[in-house]
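The values are calculated or read from the model by the stated rules, or taken from the named source; none is laboratory data. Owing to the predicted nature of the structure, the values given are computational and were not obtained by experimental measurement. Reconstructed Cβ throughout: ideal geometry from the backbone, glycine too, with neighbour counts over all protein chains shown.
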Amino acid sequence: MSAKILLVEDEPGIQELVKFNLQAAGHTVLTAMNAEQGLAMIRDALPDLILLDWMLPGMSGIELAKKIRADHRTAATPIIMLTARGEEQDRIAGLDTGADDYMTKPFSPKEMVARIRAVLRRRAPQMTEDIVEINGLKLDPISHRVSGNDKALDLGPTEFRLLHFLMTHQERVYTRSQLLDQVWGDHVFVEERTVDVHIRRLRLALEPSTHDWMIQTVRGAGYRFSPNH
């Protein structure tokens, strides 16, 4: 599944090479030459993952990573550090700032794509193309099909995205605001009650296979997906 990736890298040659290979892998790529441009793009676009060079002009990649982690909107956004530094203490410093992975230049494009896939699978599983199956409820992101106990279920596009997100984050409670950010997008301005409408539609779509009870309301908090009553 295509992810929106922000690449903050000041070397034009590396930037073009990385961008080309990420686009070839099906991702949407935004680029910035320095930390200030990167921050502006993060505010405007809220990427799914950030590739961040350690050595940037002005504000360093480490400083930018700290700012990203300090902002509640981006605190959970996956970060992979790109750097020519290979010393263990430098790797530790990068990971201590909250980076999810660390790649030392030069690296192969295949390794980069594989690491991005691994980080997304771990931190943002709804961005991957992995089939999700829980207690007979099966969702296939590639074919965009959902079935319950081998019975095809008919979901609208928003309900599909909502179910995919909830199934890949089971047992966690999400507020309406958080679901709007994660499923609709950070810069889509709709009423929070819109979430209730789509939760109701999702439950109706899951009724034929009796999986509707897995979409649970947590009074005063929000919603969760749980295979447990």
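Tell me yes or no: at least one residue of the stretch 205-226 is more than 23 Å from residue 4 (Cβ to Cβ), basic (Lys, Arg), touching a residue at least 12 places away in the same chain (Cβ under 8 Å) and part of a strand (DSSP E or B).
Yes; the residues of the stretch 205-226 include at least one that is more than 23 Å from residue 4 (Cβ to Cβ), basic (Lys, Arg), touching a residue at least 12 places away in the same chain (Cβ under 8 Å) and part of a strand (DSSP E or B).
State which residue is farthest from the chain's Cα centre (by Cα) when the search covers only the stretch 7-19 and only residues that are farther than 17 Å from residue 47 by Cβ and in contact (Cβ under 8 Å) with a residue 40 or more places away in the chain.
My answer is 11.
Looking at 202, 206, 139, 180, which one is surrounded by 15 or more Cβ atoms within 10 Å (Cβ to Cβ), on the phi < 0 side of the Ramachandran plot, modelled with pLDDT under 95 and in contact with an Asp or Glu (Cβ under 8 Å, 6 or more places away or on another chain)? Give the steps one after another, and end with the answer.
Working: 202 fails: modelled with pLDDT under 95; 206 fails: modelled with pLDDT under 95; 139 fails: modelled with pLDDT under 95.
Within the list 202, 206, 139, 180, the selection yields 180.
Looking at the stretch 142-162, is at least one residue at pLDDT below 90 and part of a loop (DSSP other than H, G, I, E, B)?
Just the residues of the stretch 142-162 that are at pLDDT below 90, to begin with: 142.
Cutting the leftovers down to part of a loop (DSSP other than H, G, I, E, B) gives us 142.
Checking the stretch 142-162: at least one residue is at pLDDT below 90 and part of a loop (DSSP other than H, G, I, E, B).
Starting from residues that are under 17 Å from the mean Cα position of the chain (by Cα) and among the polar types (S, T, N, Q), keep the ones in the stretch 97-136 and report whichever is surrounded by the fewest Cβ atoms within 10 Å (Cβ to Cβ).
Restricting to residues being under 17 Å from the mean Cα position of the chain (by Cα) and among the polar types (S, T, N, Q), the top hit is 128.
Looking only at the stretch 42-85, which residues are surrounded by 18 or more Cβ atoms within 10 Å (Cβ to Cβ) and in contact with a Phe, Trp or Tyr (Cβ under 8 Å, 6 or more places away or on another chain)?
61, 62, 80, 81, 82, 83
What number of residues within the stretch 158-173 satisfy the criterion of being buried (at least 16 other Cβ atoms within 10 Å of the Cβ) and among the basic types (Lys, Arg)?
1
Does residue 190 qualify as being touching a helix residue (DSSP H, G or I) at 6+ places or on another chain (Cβ under 7 Å), farther than 17 Å from residue 146 by Cα and not in a helix (DSSP H, G or I)?
yes
Within the stretch 106-119, is there a residue that is in contact (Cβ under 8 Å) with a residue 12 or more places away in the chain, among the polar types (S, T, N, Q) and not assigned by TED's automatic domain parsing to the domain that holds residue 165?
Among the residues of the stretch 106-119, not one is in contact (Cβ under 8 Å) with a residue 12 or more places away in the chain, among the polar types (S, T, N, Q) and not assigned by TED's automatic domain parsing to the domain that holds residue 165, which makes the answer no.
Scan the stretch 163-186 for residues that are in a helix (DSSP H, G or I) and basic (Lys, Arg) and jot them down.
Answer for the stretch 163-186, where residues must be in a helix (DSSP H, G or I) and basic (Lys, Arg): just 176.
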